[in-house]
Amino acid sequence: MDADGVPALWVIPEGADPDKALLHFHFGGSVAASIASDRKAAGHIAKAAGARSLVVGFRLAPEHPHPAQIDDAETAYRWLLAQGYEPRNIGSTGHSIGGTLAVALPLRLLAKGEATPGATVTISPWTDLTISNPKADENEEHDKMLSRDILEQFRAAWLQDPGVDFADPDISIVNADLTGLPPTALHYGEYETLAGEGADFGRRLADFKITSEVRPLPGGQHSFILGAGRVPEVDRAIGQMGQWLRRHLGS
């Protein structure tokens, strides 16, 4: 199906509340993966939250560099509103670059003075495009999904403007003004390349007094959510995500 021109896929667990929807963004560094690659993980989160999930197939780089991905996220959100969903009943979820988009969407809406989703779950987000956190190198031998070299390749494909400042708050959300951000749960793996900037973003949430919880997964890899249904530690984390969304959506 299309959400106003953006490819999307509904995942509807049995018993899901028809009035609540998650807007889910997949991984892939902006250049890879799809709605199909995240269908299972999104379904597990949706089941835990008792909601439907709309998995968004945003445009990919390098053919479609920044800001095409956040533009598509906003388009899908407005499509949900047009279907009758109230902002407070929409959750913004995703992992890796999708976790970045899950936060970037409400930040963009706040900048426009518009209502945001009711809650966010961001998993293994890429929050600092300068790739300057020491953990990027310290955890490289542990992280089987990501490395500094891969991140640099993703960044070159996604941010093609030669004048771009990688620290720009519109790109590196760890530097953004988070005032007004909806309740946000942050999950990341302690063994992942992005663990350091995950911790940094957690501190920023606290600095801005955002209703939040930060849950590092011991021994967790980047995008550990892909182990849904197979790894007990991942399933427990998904249960926590679901409880967060149940507590905050609609409130």
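Considering (1) under 20 Å from T116 (Cα atoms); (2) basic (K, R); (3) part of a helix (DSSP H, G or I), the lone condition that R236 does not fulfil carries the number (1). All conditions in (1) under 21 Å from A32 (Cα atoms); (2) open to solvent by 10 Å² or more (accessible area, probe 1.4 Å); (3) of a type in the set (A, V, I, L, M, F, W, C); (4) touching a Ser or Thr at 6+ places or on another chain (Cβ under 8 Å) hold for A136, with the sole exception of (2).
Does I123 fit the bill of being within 17 Å of the chain's Cα centre (by Cα), open to solvent by less than 50 Å² (accessible area, probe 1.4 Å), at pLDDT 95 or above and aliphatic (A, V, I, L, M)? Considered against the rule, which asks whether it is within 17 Å of the chain's Cα centre (by Cα), open to solvent by less than 50 Å² (accessible area, probe 1.4 Å), at pLDDT 95 or above and aliphatic (A, V, I, L, M), I123 comes out as yes.
Of the residues G219, G227, only one is open to solvent by 30 Å² or more (accessible area, probe 1.4 Å), more than 17 Å from I131 (Cα to Cα) and free of Cβ contacts under 8 Å to residues at least 40 places away in the same chain; which? Every option except G219 fails the conditions.
The residues of the stretch 188-215 that are open to solvent by less than 50 Å² (accessible area, probe 1.4 Å) and part of a strand (DSSP E or B), listed by number, are Y188, G189, S212, E213. A single member of E74, E140, E114 is over 20 Å from V234 (Cβ atoms), at pLDDT below 95 and of a type outside the set (A, V, I, L, M, F, W, C), and it is E140.
The single condition among (1) in contact with a strand residue (DSSP E or B) (Cβ under 9 Å, 6 or more places away or on another chain); (2) of a type outside the set (G, A, S); (3) more than 27 Å from L109 (Cβ to Cβ); (4) open to solvent by 10 Å² or more (accessible area, probe 1.4 Å) that L181 does not meet is (3). Within the stretch 32-45, the set of residues being more than 14 Å from the chain's Cα centre (by Cα) and buried (at least 22 other Cβ atoms within 10 Å of the Cβ) comprises H44 only. If you go through the stretch 1-24 and keep only what is of a type in the set (A, V, I, L, M, F, W, C), buried (at least 21 other Cβ atoms within 10 Å of the Cβ) and within 22 Å of R230 (Cβ to Cβ), you end up with V11, L22.
The sole residue among A3, A42, A8 that is modelled with pLDDT under 95 and not basic (K, R) is A3.
The values are calculated or read from the model by the stated rules, or taken from the named source; none is laboratory data. As the structure is a prediction and not an experimental result, all values here were calculated from the model. Note: ideal-geometry Cβ built from the backbone for every residue, glycine included; neighbour counts use all protein chains shown. These accessible areas exclude ligands, DNA and RNA; they are computed on the full protein's heavy atoms, side chains included. Shrake-Rupley method; radii C 1.70, N 1.55, O 1.52, S 1.80 Å.
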